[in-house]
1. Need pairs with beta-carbon distance below 9 Å; first residue hydroxyl-bearing (Ser, Thr, Tyr) and within the stretch 71-83, second surrounded by 20 or more Cβ atoms within 10 Å (Cβ to Cβ); sequence gap 6+ or separate chains.
2. What are the pairs with Cβ atoms under 6 angstrom where one residue, in the stretch 23-42, is under 17 Å from Thr74 (Cβ atoms) and the other, located anywhere, is of a type in the set (D, E, K, R) and surrounded by 11 or more Cβ atoms within 10 Å (Cβ to Cβ)? Sequence gap at least six, or different chains.
3. Hey, can you tell me all the residues within the stretch 71-103 that are in a strand (DSSP E or B) and of a type in the set (D, E, K, R)?
4. Within the stretch 85-103, track down each residue that is surrounded by 16 or more Cβ atoms within 10 Å (Cβ to Cβ) and under 15 Å from the mean Cα position of the chain (by Cα).
5. Would you point out which residue out of Arg65, Arg37, Arg3, Arg45 is part of a loop (DSSP other than H, G, I, E, B) and modelled with pLDDT of 95 or more?
6. Of the residues that make up the stretch 23-34, is at least one under 16 Å from Glu88 (Cα atoms), assigned to a helix (DSSP H, G or I) and at pLDDT 70 or above?
7. So, in the stretch 21-45, of the ones that are of a type in the set (A, V, I, L, M) and surrounded by fewer than 13 Cβ atoms within 10 Å (Cβ to Cβ), which residue ends up nearest to Ile96 (Cα to Cα)?
8. Keeping to the stretch 69-84, report how many residues are farther than 10 Å from Val102 by Cα and under 12 Å from the mean Cα position of the chain (by Cα).
Amino acid sequence: MRRRKTGKTAKRKKETDTVKEKVARMLEIPEEIVSDRPKITTVGRKEVFIENYRGIIEFTNEIVRINSNYGIITITGKNMKIREITNEDIIITGDIDNIDYVV
């Protein structure tokens, strides 16, 4: 006989919320704005926009590996270039074949 899980797990999760998450919830700010999770936006197969990255691990014409707080993002393709880079986001252009996310 299997036992059903109680709501204790959900309760523990709420107890581990950061102050930032609690304030965001109280002010009704969307979670993605205060989160440190990477946000990946693609425009066709020619452009990738990544927000909340931590650094570039590898960069060639055929592969870009980017570190984030939640894993490594690998972009493969041809003729890849960094069009724009700031402390918070990066734009990669080229003939993009694949985007992998490894936790």
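The values are calculated or read from the model by the stated rules, or taken from the named source; none is laboratory data. The shown structure was predicted, so the numbers you read here are calculated from the model rather than taken from an experiment. Cβ coordinates were reconstructed from backbone atoms using ideal geometry, including for glycine residues, and neighbour counts include every protein chain displayed.
1. Between residues of the stretch 71-83 that are hydroxyl-bearing (Ser, Thr, Tyr) and residues that are surrounded by 20 or more Cβ atoms within 10 Å (Cβ to Cβ), the close pairs are Thr74/Val64; Thr74/Ile66; Thr76/Val64; Thr76/Ile96.
2. Close Cβ pairs (under 6 Å, with a partner that is of a type in the set (D, E, K, R) and surrounded by 11 or more Cβ atoms within 10 Å (Cβ to Cβ)) amount to Lys39/Glu51.
3. Lys78, Lys81, Arg83, Glu84, Asp89, Asp95, Asp97, Asp100
4. Listed by number, the residues that qualify are Ile90, Ile91, Ile92, Ile99.
5. Residue meeting the stated conditions: Arg45.
6. Within the stretch 23-34, one or more residues are under 16 Å from Glu88 (Cα atoms), assigned to a helix (DSSP H, G or I) and at pLDDT 70 or above.
7. Checked the stretch 21-45; the qualifying residue nearest to Ile96 (Cα to Cα) is Val43.
8. Residues in the stretch 69-84 being farther than 10 Å from Val102 by Cα and under 12 Å from the mean Cα position of the chain (by Cα): 1 in total.
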